[in-house]
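What follows is calculated from the coordinates using simple rules that are stated; it is not laboratory data. Just so it is clear, the structure is predicted and the values come from calculations on it, not from any experiment. Methodologically, a virtual Cβ is constructed for each residue, glycine included, from the backbone with ideal geometry; neighbour enumeration extends over all protein chains shown.
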Amino acid sequence: MTPHDHGSTVDGTAEPVLRLNGVTHRYGRRGAGAVIGPCDFSVATGTVTALVGRSGSGKSTMMNCAACLLRVTSGTVLYRGADITRLPESGRARLRRDEFGFVFQDGQLIPELPARENVALPLLLTGTRRRAALAKADEVLAKIGIPDLAGRRPSEMSGGQAQRVAIARALVANPRVVFADEPSGALDQATGHEVMQLLTATVARVGASLVMVTHDSAVARWCSRLVEIRDGLVHADRRLDVRVAR
């Protein structure tokens, strides 16, 4: 996996790869109910940003707006400087497929497929030949230390193993941004620690950015930035001095 060539400002600091400007998401008749917003925050290249807050605070909604999984009601989401909020659904789907990676709490692996085919799926969806896609999947599984899982189906894996395979799937297409929703939430503490270490170290190694939703304050040890969400608004935004193993 090769790190992307990201832009930077003239003073050498990284430009935001993702920026939310005045974003709101509403529901109900005529948008009567506000879920989030207005919210502003940006994600710098190569950083690990955690969206934290209690259940129902709006953190997952905010991440889903940033990831083009939900349409914003107002405001803009800029990806590499381009407004992606007005893209048609086909363009949003391409963006999610080609530029973003996703890790969900329960992995969401396809139960009928062995690990290598689950990992290869994003490549197959882009038209990559099956042999090449499977070879890339094997390469990624090996790089993150789980080549022995290649032939196992999800029912033959522990929760931690399945989540490691999900991380491999999220990274196989070399995304610029990885979105993770409670990636260790369904795991015991020790396994969750291992999965978080793997996720943050691997994302750092390939030069991507990680945006992670969690309700666990202990996740801060893995993050370079903590954005606290309360009642759908950014309540606090702190940068943390965290060294990620590579």
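Table for the structure above
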quantity	calculated
Of P114, H235, L70, farthest towards positive along the dipole that unit charges on Lys, Arg, Asp, Glu beta carbons give the chain	L70
Dipole magnitude (debye, nearest 20) for the stretch 89-246, charges at Cβ of Lys, Arg, Asp, Glu	720 debye
Contact order relative to length of the stretch 137-219, as percent, for alpha carbon pairs under 8 angstrom and 6 or more apart	31 percent
Amide H partners (placed H, <5 Å) of S209, local residues excluded	G46, V177, V178
Segment S42-R230, length gained on full extension (0.36 nm per residue, minus Cα span)	65.9 nm
Computed lengthening from Q108 to R221, 0.36 nm per intervening residue step minus Cα-Cα distance	38.1 nm
Student exercise, the stretch 155-246 dipole from Lys, Arg, Asp, Glu Cβ charges, in Debye to nearest 20	500 debye
Signed unit charges on C-beta, dipole axis of the chain, positive-most listed residue V203, S158, A137	A137
Whole-number Å³ per residue for the convex hull built on Cα positions in the stretch 116-246	122 Å³
Cβ-based charge dipole, the chain, positive-most Cα from Y27, P88, A44	P88
Calculated P(r) tail over 31 Å for the chain, as whole % of Cα pairs	21 percent
Between helix 159-171 and the chain: long-axis angle, C-alpha atoms, 0 to 90°, nearest 10	70 degrees
The stretch 46-155: GluC sites (Glu not before Pro) in DSSP loop, at most 16 other beta carbons within 10 Å	E112
Segment L69-R131, extension gain: residue separation times 0.36 nm, minus the distance between their alpha carbons	19.3 nm
Calculated P(r) tail over 18 Å for the stretch 77-175, as whole % of Cα pairs	47 percent
